[in-house]
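A short write-up of the structure that comes next.
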Amino acid sequence: MNYTLHQLQVFLKVSQTESITKAAEELHLTQPAVSIQLKNFQEQFEIPLNEVYAINYKTLAYKGHLTGRLTISSVSTGKYVMPYFLSSFIKKHPGIELVLEVTNKMQVLQSLEKNEVDFSLVSVLPETIAVDNLELMVNKLYLVSNPAHYPFEGEQETGILETLPLIYREAGSGTRFTMEKFMQAHSLKAAKQMELTSNETVKQAVIAGLGCSVMPLIGLKNELKNGDLKIVPVKGLPITSTWNMIWLKSKKLSPVALAYLQFLKTEKEKIINNIFHWYL
């Protein structure tokens, strides 16, 4: 065999990202260059490299271990939730390959509808896709501000939302959908609004004093503790929804997916009480 360190680095990055495009970006190479290096590396072996993974899975399965791939798509706020509902399961079953994609609600539902994932984590159940669901935990959204820029005292009327520069998530976001639904239900119209593409960006914008936002409490623990952000009490808030694990009604779940679903049913309350007691 005559492979190079560079070929090993390329193969490792493609394996980690599961994408030649992403690997090329992270390695600062062109896609054709990555493909060529991968092809040259593959030619050093007598069997396709993807069959190495299959052999490993079969070996673990022969020893009685649960093996295979578990694919989950999650709305962006789910990044504060999903890892804790995966950690002990993955540790218990090292033969499982986890693929977790975090994006906005629209893209999550697209990947689900195309049957590209086993499960999706959402805070708003889809109306146009036939799904089964398992409730995980409550999602609570509050109006938050930087107290140095917007020092409110006491409970505010809902009309205050019309007086503030409000920062929204992008169209297709579940948080945006929930926020707009509340505004419409109370016949409110934002005087000024800004649109940003992630909860982390929204959070930093609020801290910087660019405006206020209705945000999920789950991602604000440290900022509230440090005093960078403050919950503004408003009549009718918090808005509550529920994070649901959903899957297609028509989908035949794999043994790995069925095992994970059973794990969630039996362990979710323990995880919530151990990890999210501050939130409850």
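Every number in this text was worked out from the coordinates using simple rules, so none of it is lab data. None of these values were measured; they are calculated from a predicted model. Don't worry about glycine lacking a Cβ; one is built from the backbone with ideal geometry, like all the others, and counts go over all protein chains shown.
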Count neighbours as other Cβ atoms within 10 Å of each site's Cβ, and list the GluC sites (Glu not before Pro) in region 85-146 that are DSSP loop with at most 16 such neighbours. Glu116, Glu127
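Report relative contact order for region 111-235 in percent, whole number only (criteria: Cα-Cα under 8 Å, sequence separation at least 6).
Details: 163 pairs, mean separation 49.0, N = 125.
That works out to 39 percent.
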Out of all DSSP beta bridges in the chain, what portion is antiparallel? Express it as a percent rounded to 5. 55
Cα-only Rg/Rh for region 211-280 with Kirkwood Rh rounds to 1.11
Take the chain, mark every one of the trypsin sites (Lys or Arg not before Pro) that falls in a DSSP loop and has at most 12 other Cβ within 10 Å, then report the longest stretch left between them, sites excluded. 115-188
Among all the aspartates and glutamates, which ones have a C-alpha under 19 Å from Lys235's C-alpha, if same-chain residues fewer than 8 places away are not counted? Glu153, Glu155, Glu157, Glu162, Glu180
Chymotrypsin sites (Phe, Trp or Tyr not before Pro) restricted to DSSP loop in region 195-279 with at most 10 other C-beta within 10 Å: Trp278
Calculated from DSSP H runs of 4 or more alone, at -39500 (n - 2.57) each and per residue, what is the 222 nm mean residue ellipticity of the chain, nearest 500? -12000 deg cm²/dmol
Restricted to Cα positions, what overall size does region 138-241 have along the principal axes? Three whole-Å values, descending. 33, 29, 28
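Which entries in Lys140/Lys221; Lys92/Lys221; Lys140/Lys181; Lys13/Lys105; Lys92/Lys265; Lys181/Lys203 show an alpha-carbon gap greater than 24 Å? Walk me through the numbers before you get to the answer.
Values: Lys140/Lys221 13 Å; Lys92/Lys221 29 Å; Lys140/Lys181 14 Å; Lys13/Lys105 28 Å; Lys92/Lys265 16 Å; Lys181/Lys203 21 Å.
Pairs exceeding the cut-off: Lys92/Lys221; Lys13/Lys105.
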The relative contact order of the chain, taking Cα pairs under 8 Å that sit 6 or more residues apart, comes to a percentage of 23
When DSSP assigns beta bridges and you keep just the ones with both residues in region 138-241, what percent turn out antiparallel, to the nearest 5? 60
Bins of 5 Å from zero: percent of alpha-carbon pairs in region 5-46: 5, 29, 38, 21, 6, 1
Binned Cα-Cα distances of the chain, short to long, each 5 Å bin given as a whole percent: 1, 5, 10, 13, 14, 13, 12, 11, 8, 6, 4, 2, 1, 0, 0
Would you work out the relative contact order for region 5-46, in percent, from Cα pairs under 8 angstrom that are 6 or more residues apart? 42
